[in-house]
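Student: There's a structure below that I have some questions on.
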Amino acid sequence: MKILVFGRSGQVATELRALDSDDIQIIALTRADSDLTDPAACAAAIDAHAPDAVINAAAYTAVDKAESDVETAQLINAEAPAAIAHTCAARDIPFVSISTDYVFSGAGDTPWSPADPTDPQSVYGRTKRDGEVAIVKAGGRYAVLRTSWVVSAHGNNFVKTMLRLGAERQALTIVADQIGGPTGAAEIANACVAIAKTLVTEPKKSGIYHFSGAPDTSWADFARAIFDAANIPCAVIDTPSSDYPTPAKRPLNSRLDCTTTEAAFGICRPDWRESLTHILTQLDFTKD
């Protein structure tokens, strides 16, 4: 099976490249290969490679910067996925695109289901929502996979930031009122491939799905788990999000109901504590 991946150096794209094997050929495109600010180039890349499936693992993820760079965020998060989706639909190629919990308002404490109304509170969230709508309207075989709090041994993410700061300081103040599911990029990559394979033979399973790590936790408690697993004696002080105002509003409730993903594809929520152990091993941060 040949899978074309938009994105190469991001967390999920890096893990997708690691899945390249005799059975699965992963072709990961760099920005030079296909610039997502040029939707036509994205469509042309699909024609050039003639894949069996396409996965979009690229996005404009600079959440705060997007507030002042709306045009670029719209191109990358909405217009490029729209072009990819239309091209895939015209050629009957399964398309899996990664989305985010930021498409929701972040209110309440009930896990968001795929059918819940979206109400993004940031440019990032709005542009990702616009991309989702375009993918659905394209009418092909598709899966929009919303996830949250992506972590890995690659790139910039919360785990790596905590390891760095925890080694430098005796205590850190971390927000405790944002609740969600940390999700390993490796697990997301495996889920994307499994879903793409299923869509080849079962196009009726097209739809919007959720996938996040379990159990749900706060950033503060996640930090404590990181320090404990890495044997770093750094204390965590809880604080509300209101103490750390940012240009883009962060959702307080990032809980995702993933039951339909398990029902359709047999993919269960991964235990983020196991993902964390694997990441720390890769980074050589383990208890003595």
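Student: For region 194-209, give me each residue that is part of a helix (DSSP H, G or I) and either of a type in the set (A, V, I, L, M, F, W, C) or touching a helix residue (DSSP H, G or I) at 6+ places or on another chain (Cβ under 6 Å) (or both).
Tutor: A194, I195, A196, T198, L199, V200, K205
Student: Now for a separate question. Criterion first (at pLDDT 95 or above, within 20 Å of A189 (Cα to Cα), small (G, A, S) and more than 17 Å from the chain's Cα centre (by Cα)) does A57 satisfy it?
Tutor: no
Student: Being in contact with a Gly (Cβ under 9 Å, 6 or more places away or on another chain) and either assigned to a loop (DSSP other than H, G, I, E, B) or closer than 21 Å to A90 by Cα (or both) is the filter here, so list the residues in region 1-28 that pass it.
Tutor: S9, G10, listed by residue number.
Student: Could I ask something else about it? Taking region 177-193 as the search range and keeping residues that are in contact with an Asp or Glu (Cβ under 7 Å, 6 or more places away or on another chain) and in a strand (DSSP E or B), which one is farthest from C268 (Cα to Cα)?
Tutor: I179
Student: Return the residue satisfying two criteria in turn: it lies in region 228-251 and is hydrophobic (A, V, I, L, M, F, W, C) and out of contact with any strand residue (DSSP E or B) (no Cβ under 7 Å at 6 or more places or on another chain), and of such residues it is surrounded by the most Cβ atoms within 10 Å (Cβ to Cβ).
Tutor: A230
Student: Say we look at region 235-280 and pick out the residues that are assigned to a loop (DSSP other than H, G, I, E, B) and among the hydrophobic types (A, V, I, L, M, F, W, C); which of these is nearest to the chain's Cα centre (by Cα)?
Tutor: The extreme case among them is C258.
Student: I'm trying to understand the selection: among the residues of region 88-144, which are of a type in the set (S, T, Y), more than 27 Å from K65 (Cα to Cα) and either out of contact with any strand residue (DSSP E or B) (no Cβ under 9 Å at 6 or more places or on another chain) or not in a loop (DSSP other than H, G, I, E, B) (or both)?
Tutor: Of everything in region 88-144, just one residue is of a type in the set (S, T, Y), more than 27 Å from K65 (Cα to Cα) and either out of contact with any strand residue (DSSP E or B) (no Cβ under 9 Å at 6 or more places or on another chain) or not in a loop (DSSP other than H, G, I, E, B) (or both), namely Y142.
Student: Is it fair to say A41 is outside any loop (DSSP other than H, G, I, E, B) and surrounded by fewer than 19 Cβ atoms within 10 Å (Cβ to Cβ)?
Tutor: So A41 passes the test.
The values are calculated or read from the model by the stated rules, or taken from the named source; none is laboratory data. Note that this is a predicted model, so its numbers are computed, not measured. Note that each Cβ is placed from the backbone with ideal geometry, even for glycine, and that neighbours are counted across all protein chains shown.
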